[in-house]
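Okay, structure first, notes after.
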Amino acid sequence: MRILVVEDEADLRRQLGDALTHAGYAVDLAADGEEGHFLGDTEPYDAVILDLGLPKMDGVSILERWRGDGHIFPVMILTARDRWSEKVAGFDAGADDYVTKPFYTEEVLARLRALLRRASGHAVAAIDVGALRLDTRAARATINGDPIKLTAHEYKVLAYLIHHQGRVVPRTELVEHIYDQDFDRDSNTIEVFIGRLRKKIGGDRIETERGLGYRLVTPEAEQNRVSG
Ligand code: CA
């Protein structure tokens, strides 16, 4: 999952960036409103953390433009403690959640997990696909309760497929959601990650739809396959 952080305070930006990277997300950082707006407009983020007081373009204006242009990614706004009217303006502009400064990073991460899983139709922090479980709190996966040893990139691929289980995910989409903007992207490596994941979780759990992409097989689909 790929996250955009728009925050002009350098320390806070770095702190959020580090925490998100550590939690297994691909992260892009923007230091002012114009850059933030541009990135959100042109890159496919799974969620955005948006400060409201920003140089060049304020957070509410950015959000209004994104929503006006049809971008539906979840947005969490960061607001100062005494600015209740900012929160109202933020929600009215299309925000999904807010965190008041100063905040605990753990709270931001927990709220982000909730936004991401809600956006993909899941209600709890552990997402199951048959015997396979993604624990989004610990950023790890288990199979029949046993931890699966994954590299950071393998985790990112698996987490994205699990959030979008049952749907064919094109290879280009995977590339866009597991790498940050500055990463030297190579879509051929996706095939390598998928190959390694198949070895670790069982070869038939990830189907290749030739020319289209990859699908994480849901238990229901597996049932149909066995009986049909
Ligand atoms: Ca600010």
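Values quoted throughout were computed directly from the atomic coordinates according to the rules given, and no laboratory measurement underlies them. No experiment lies behind these values; they were computed from the predicted model shown. Positions of Cβ are generated from backbone atoms using ideal geometry, with glycine treated the same way; all protein chains shown enter the neighbour counts.
Overview of values
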quantity	calculated
R0 of 25 Å, Cβ-Cβ distance Ala110-Val168: FRET efficiency to nearest 0.05	0.25
Inter-centroid distance (Cα atoms) of segment 173-204 relative to segment 136-154, Å	15 Å
Relative exposure of Ser120, Ser85, judged by other C-beta atoms within 10 Å (fewest first)	Ser85, Ser120
Three semi-axes of the equivalent ellipsoid, segment 126-227, Cα gyration tensor, whole Å, largest first	21, 17, 11
Kirkwood hydrodynamic radius (C-alpha pairs) into Stokes-Einstein, segment 1-153, 10 °C and 1.306 mPa s, D in µm²/s	99 µm²/s
The chain: angle of helix 105-119 to the longest principal axis, Cα-based, in degrees nearest 10	60 degrees
DSSP-assigned coil residues among trypsin sites (Lys or Arg not before Pro) in segment 70-126, each with at most 16 further Cβ atoms within 10 Å	Arg81, Arg83
Full-stretch length increase - Thr218, Phe103 - with 0.36 nm per residue and alpha-carbon distance subtracted	37.7 nm
222 nm mean residue ellipticity, helices alone, for the chain (DSSP H n ≥ 4; -39,500 (n - 2.57); rounded to 500)	-13500 deg cm²/dmol
